[in-house]
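One structure is given below, encoded as structure tokens.
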Amino acid sequence: MVRLTFSAITKALQQFLLIMLAVAALAGSAIRGTAHELRPAIVNLTVSPTGEVDLSIDLNLEAFLLQIGAEHTTTDASGRASDYDALRAAPSATLVANFRNEAPPLLQDMSLRTNKTSVAMSLEDVIVPETGNTEVARVSRLQFTAQLPPDATALSWTGGAALGQAVLRVSTSEASEPFFASLLQPGAASEPVVLDGVIVDRASSVLADYIPVGFDHIVPKGLDHILFVIGLFLLSPHFRPLAWQVTCFTLAHSVTLALGLYGLVRISPAIVEPLIAASIIFVAIENLTTTRLSRFRSVVVFAFGLLHGLGFASVLTDFGLPEGQYLPALIGFNIGVELGQLAVLAVCFLAVGIWFRHRHWYRHVISIPASLIVALVACVWFVERVA
């Protein structure tokens, strides 16, 4: 009769994990991930000296037509993945025709106002790229024109709830860079934008705007970052070593977030995203093979923090901020990210750490099984991201 000890079961599970990694690597070419992350629309508003307004909206038109809003992290999470995939695979002419038929009710809340008076906007063009690579979200463009009255001194724009979260950028026809940018929540109107381009210092306002953006990128949208932090917690659920690891991670992603936002470092998300998944796998497997927190772990955590920072930078880069607002947006986003990570750790401590971390069975009953789950989930993500 074979006697199964917990140690034997643990070794068997570790071997099973290695087999799953091998299978994932072999199956990588056969798996295709179709979920697209939902990003804010980018609204560029250009005003000429004569009051003519050119307004363009870069957006995921498929998600807009299906009303897959910012409350979802990806198109797959919306429950309308099959409809979205069908539109994403459709030729550009088909998508334009669908927009012409279905858009009027969706555009009725979109408005441009000046001195509390509504200004008529005319839809001039709908530009939809050809189908191309369906693994990448298609960015379409809506182009509007408007004419401001002669006495206009400021304007305000509202995207409406249908458009979802949006970044508004305002510039003049004589300048290459916008002088105003703001992140707008669904249905919210922008603050009045002075038309002479003289804007008061908005540093505190921009910082406050981007704290919830950073938090939201961790909780609930950053499941990969959540799993990484949980992986750090599982090996050593004690405050001092965990604080040291989180500090290394924070310093690292702050560096690459800043470098990426200022354009000093650019690495394709096709490289960064699989490596982020690999970092989660590494941490989870290390949890299975050691019971002690080594100094080398801090070095590894710092290196992986650099990768995660590049992932954060791609989010802020998409917002198209004016250069003068990079620093407050960076600080606000980073504060939000840290608050999100602390929220994850607080839940871990309240759910497990406070009650069970000193139990002799903590590693066998909680740390090892949870690390296995984290590793397997990250394996699936790795395969999807390299496929």
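Key figures for this structure:
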| read-out | value |
| --- | --- |
| Cubic angstrom per residue, convex hull over Cα atoms of segment 199-254 | 105 Å³ |
| 134, 250, 117, ranked by accessible area, largest first (probe 1.4 Å) | 117, 134, 250 |
| Area accessible to solvent at residue 376, 1.4 Å probe radius, in Å² | 60 Å² |
| Where 210, 326, 262 fall by accessible area, highest first, once all protein chains stay in place (1.4 Å) | 262, 326, 210 |
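The values are calculated or read from the model by the stated rules, or taken from the named source; none is laboratory data. Predicted model only: the values in this text are computed from it and were never measured. Ligands, DNA and RNA are stripped out before the accessible areas are found, and what is left, the full protein with its side chains, is counted by its heavy atoms. Shrake-Rupley method; radii C 1.70, N 1.55, O 1.52, S 1.80 Å.
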